[in-house]
Amino acid sequence: MASDELITSAARRFLKLGGLAGRVGASVVTNQAIGLMRSEPEQVARRTENLVRNALRIVETLGELKGAAMKVGQMLSLHEGLLPPEVAEVLRSLQKEAPRVPEEVMEFEVRGDLENFDELFESFDFSAFAAASIGQVHRARLRDGREVAVKVKYPLIDEIVTADLKNLKTLLKRLVALFTDADFEPIWEEVRDGLMAELDYLHEAENIRRMAALHAEVPEIVIPQVVDEATTRNVLTMEFVDGISPSEACSDRYPSELRDRWGTVLSEFQMRGIIEHRLVHADPNMANFAFREDGRVVVYDFGCVKEVPPELARAYADAFVAVIEERVTDLPRIFAGIGLAMRDGSLIDVELIEPYIDVIGEVFRESSYTFGDDNQEIYNEIIRLGFQDWDAKTDMQFPEDVIFINRSLSGHFGNLSRLRATGSWRDIVLKYARPG
Ligand SMILES: Nc1ncnc2c1ncn2[C@@H]1O[C@H](COP(=O)(O)OP(=O)(O)O)[C@@H](O)[C@H]1O
Ligand SMILES: [Mg+2]
C-alpha cells in the first residue's frame, strides 16, 4: 500500500515538474559551456543537452531523494574543473518539494519500528510539523513528560535512494566525462557514502552525541539531545528544541547587533569544526539552524558530518592564514601538502589561484566586513572565474575529503550573507587557524 502511494505521488510530481525540466534543460548549455567540451562542440552539444535533460528528469522524479540530489549537485558544482559551473548549477537550483505521505502510513511506520510505542509516548501528532529530506518531523510527548521531535523516514526510502543514486551516477559520470578526464569514481564514492550515511538515523544519533560532547563547554551552541530508547535506524527521537526561524532571524525584526552575534557564533562553529574538533557539520543549509534572542544558536541535522584528517585541518588553517596575510604565493605549496596539485604532481600555478583570493580576500582585508547585497557579485564573479583557464583546471587533482568541507564553508558564507552580518571575520579565523 505504502509503496503504491509513493510511486503514484512521485509520478504526479514528475508530471507537474516536467515543464520545468524542459525549460531549464534547453537553456542550460550555453555557448560558453559548449566551448569547454573536449570533443567537437557541434557533435556533443545535442548529446549534452540530452544528458542534462535526463539528469534533470531523474532529479525531478527523485522526489524523496531530491534533497540528496541537490546536495550532489551542490558538491559537484564546488569541485573546480569537473563540470562547468553553469551545468552544475542546474542540479542544485531545483527547489525541494516535500512529498505527502498520509498520516496512517507514517503511523504504521513508527509503530512498526518502535514495538513499545504505547509505553514510550503519551501523545504523538502524526501530522508533520517539518519536512525532512528523506522523512518528516513530528511532535510528541514522552510518558516522562519530555517534549520531543521525532524524525521519521518515509517508507521504502532506503530502496528509493539506493536505486536513484545508481541512476544518477550513470548520468553524472557521462556528463562529467564531456568536460574532463578526471576520475569521477573517487569523487562519487565520497558523495555517495555521505548520502547513504544519512539513511541511518542510528548513525545520526551517534553524530549528535559526539557533537554534543564536543560542544558541552560551548554555551552559545545548543544541540538537541537524543532519546535513545525511542530511536532506531528509521526513527530519530530528540528533545524538542526550538528558536527563531532563519527567515525571521534574517529579517529586520531583530537588531543588526543580534544578527552579527549569530553570524559570529556560526563562524566560530565552522572554524572549531574544521580546525579544532575536526568534525564538521557538513549540511549548512540555513534551515538547520534556529536562533535565540540571547545570541545562542540551535543546530539541527547531524545526518551529514565530516571527519577532517589532521593534515587537512592544518592545511585549511595554513591556507586561511596565508589568505589573510596576503601570502598567495604560499598557497600552491600548502595545497600540494594535501594532494591538491596538478595531475602530474607539479604545484598549481599561482595565477590560477590568485583571482579567487582577490575576490574572497575582501572579507578579510579590513578588520571588519559586512556581508550583504554585494555578495551576489562575489558569487557571480566566482562563477565567472570557474570558466576561466578551464583546460588547466581539468588537469588538477583534489583530495575527495575537501568536498564536504568546502560545501560547508560555502554554505556558511551564504548564511552570513542572509544574516547581513558584520564581524571581524579575520580575527575569528586567526583565533582558530594560527598555530600554537
Ligand atoms: N530536535 C528538534 N526540535 C525542534 N525542531 C526540530 C528538531 N529537529 C529537527 N527539527 C526541525 O525539523 C527540520 C528538519 O529536520 P532535519 O534534521 O534538518 O532533517 P533533514 O536531515 O531531513 O534535513 C529542521 O530544519 C527543524 O526545523
Ligand atoms: Mg535539515
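Before moving on, here are some points about what is shown:
- Checking every residue in segment 305-321 against the condition of being crowded, with 18+ Cβ neighbours inside 10 Å, closer than 18 Å to SER133 by Cβ and within 11 Å of ligand 1 (Cβ to nearest atom) gives zero matches.
- Top-ranked residue in segment 292-304 [being open to solvent by less than 30 Å² (accessible area, probe 1.4 Å) and at pLDDT 95 or above; ranked as farthest from ligand 2 (Cβ to nearest atom)]: GLY295
- In segment 130-155, residue least open to solvent (accessible area, probe 1.4 Å) [restricted to those that are at pLDDT 90 or above and assigned to a loop (DSSP other than H, G, I, E, B)]: GLY145
- When ALA182, ALA163, ALA216 are screened for being farther than 22 Å from GLN270 by Cα and open to solvent by 40 Å² or more (accessible area, probe 1.4 Å), only ALA163 passes.
- Among the residues examined, ASP283 qualifies as under 26 Å from GLU220 (Cα atoms), modelled with pLDDT under 95, out of contact with any strand residue (DSSP E or B) (no Cβ under 6 Å at 6 or more places or on another chain) and in a loop (DSSP other than H, G, I, E, B).
- With a requirement of 3 or more residues that are within 16 Å of ligand 2 (Cβ to nearest atom) and in contact with a strand residue (DSSP E or B) (Cβ under 9 Å, 6 or more places away or on another chain), the helices (runs of 4 or more DSSP H) lying completely within segment 186-279 that satisfy it span 201-214.
- Per the listing GLU229, GLU257, GLU239, the residue uniquely under 30 Å from PHE117 (Cα atoms), charged (D, E, K, R) and either open to solvent by less than 30 Å² (accessible area, probe 1.4 Å) or more than 13 Å from ligand 1 (Cβ to nearest atom) (or both) is GLU229.
- Residue within segment 116-125 that is within 16 Å of ligand 2 (Cβ to nearest atom), within 22 Å of ALA287 (Cα to Cα) and over 22 Å from the mean Cα position of the chain (by Cα) present: no
- Any hit, segment 325-348, residues being within 16 Å of ligand 2 (Cβ to nearest atom) and either surrounded by 18 or more Cβ atoms within 10 Å (Cβ to Cβ) or in contact (Cβ under 8 Å) with a residue 60 or more places away in the chain (or both): no
- Test: residue in segment 273-283 that is among the aliphatic types (A, V, I, L, M) and within 16 Å of ligand 1 (Cβ to nearest atom): yes
- Verdict on LEU165 being among the aliphatic types (A, V, I, L, M), modelled with pLDDT under 85 and either within 16 Å of ligand 2 (Cβ to nearest atom) or within 21 Å of the chain's Cα centre (by Cα) (or both): yes
- Contacts under 7 angstrom Cβ, first residue in segment 286-297 being closer than 11 Å to GLU220 by Cα, partner within 13 Å of ligand 1 (Cβ to nearest atom) and assigned to a loop (DSSP other than H, G, I, E, B), 6 or more apart: PHE291/GLY243; ARG292/GLY243
- Meets criteria (open to solvent by less than 70 Å² (accessible area, probe 1.4 Å) and part of a helix (DSSP H, G or I)) for ILE403: yes
The values are calculated or read from the model by the stated rules, or taken from the named source; none is laboratory data. These numbers were taken from a predicted model, which means no experiment stands behind them. Neighbour counts are summed over all protein chains in view; Cβ atoms, including those assigned to glycine, are modelled from backbone coordinates with ideal geometry. The accessibility values were calculated without ligands, DNA or RNA, using every heavy atom of the protein model including side chains. Shrake-Rupley method; radii C 1.70, N 1.55, O 1.52, S 1.80 Å.
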